[in-house]
Amino acid sequence: MIVGVLGLQGDFREHVWALQKLHAETILVKTVEDLKRVKGLIIPGGESTTIGRLARLTGIADELKKRVSEGMPVYGTCAGMILLAKRIANYPQQYSFQMMDITVERNAYGRQVESFEVELNIPAIGDKFKAIFIRAPKIVDCGENVEVLAKHGDTPVLVRQENLLASSFHPELGDDLRIHEYFLRMVGVKYARVY
C-alpha cells in the first residue's frame with residue numbers, strides 16, 4: 001500500500017523523509033496517474049494559492065475530490081489544512097478543495113519570523129508533542145462532525161473529520177513521528193516504529 005505526498009510545491013520532501021523513516025512505501029504525487037496509485041495522501045505546507053492552482057491545472061484537484069468521497073484518507077499540514085477547509089475567513093475568494101467543515105484564517109499566528117514551538121497534549125497519540133508553527137493558519141470554527149484532537153490555548157490545531165486529518169503545525173519538521181504514524185493507521189498501512 002503506497003502513501004503519497006503531494007509534490008507540487010512546499011515542504012513535501014520532509015514528509016517523504018518522515019514516512020520513509022517509518023518504512024512506509026511512499027511516492028511524490030505530481031500527476032493524476034500518481035494519485036490513482038496511492039491509498040492515502042499528505043498535502044504539505046507551502047503556498048496554498050500555488051498548490052491549489054497547480055492541483056487544478058494538473059487535474060489532481062478533481063481526482064482528489066473523487067478519491068476522498070470514496071474514503072481515501074488525506075492529511076493536510078499548514079497550507080494543506082487551508083486547502084482542505086471549506087471556508088477561509090480572511091481570503092474568502094481563495095480556492096480550496098472545500099472538503100473539511102472548518103473555517104480557517106491564513107497566517108493567523110504571524111509572519112515567518114514569529115514562528116514558534118509549543119508542547120501540545122494530544123491524547124490520540126499518547127503523550128506531549130512538540131509542535132512547530134510557521135506562518136500557521138488558525139481554525140476559527142469547526143463543524144459538529146469535526147473532532148478536535150489538540151488545542152493550543154482554546155484554539156483547535158489538530159482536527160479530524162472521518163477520513164480527513166489537518167494540523168496548523170508542521171510535524172514533519174521535528175523528530176517525533178507519531179502524527180505520521182497516526183495517519184498511517186488511518187490509511188491502514190503497516191509501518192515500522194523506529195524509536
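The values are calculated or read from the model by the stated rules, or taken from the named source; none is laboratory data. Every value quoted in this text rests on a predicted model; they were computed, and no experiment measured them. Ideal geometry is used to build each Cβ from the backbone, glycine not excepted, and the neighbour counts take in all protein chains shown.
What to note about this one:
- Whichever residue in region 40-55 is surrounded by fewer than 19 Cβ atoms within 10 Å (Cβ to Cβ) and either charged (D, E, K, R) or under 11 Å from the mean Cα position of the chain (by Cα) (or both) and, among such residues, is farthest from residue 107 (Cα to Cα): 53
- 3 or more residues within 16 Å of residue 68 (Cβ to Cβ) and touching a residue at least 40 places away in the same chain (Cβ under 8 Å): qualifying strands (runs of 3 or more DSSP E) within region 1-44: 40-43
- Flag for residue 173 being surrounded by fewer than 22 Cβ atoms within 10 Å (Cβ to Cβ), more than 23 Å from residue 16 (Cα to Cα) and among the hydrophobic types (A, V, I, L, M, F, W, C): no
- Residue 109 being in contact with a Leu (Cβ under 6 Å, 6 or more places away or on another chain), surrounded by 15 or more Cβ atoms within 10 Å (Cβ to Cβ) and assigned to a loop (DSSP other than H, G, I, E, B): no
- Within region 74-86, the set of residues being buried (at least 17 other Cβ atoms within 10 Å of the Cβ) and in a strand (DSSP E or B) comprises 74, 75, 76, 77, 85.
For every residue, the table says whether it meets (1) surrounded by fewer than 18 Cβ atoms within 10 Å (Cβ to Cβ); (2) among the β-branched types (Val, Ile, Thr); (3) modelled with pLDDT under 95.
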position	(1), (2), (3)
66	yes, no, no
72	no, no, no
113	yes, yes, yes
116	yes, no, yes
134	no, yes, yes
146	no, yes, no
154	yes, no, yes
157	no, yes, no
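- Taken over region 29-64, the residue count meeting the criterion of being at positive phi and at pLDDT below 95 is 1.
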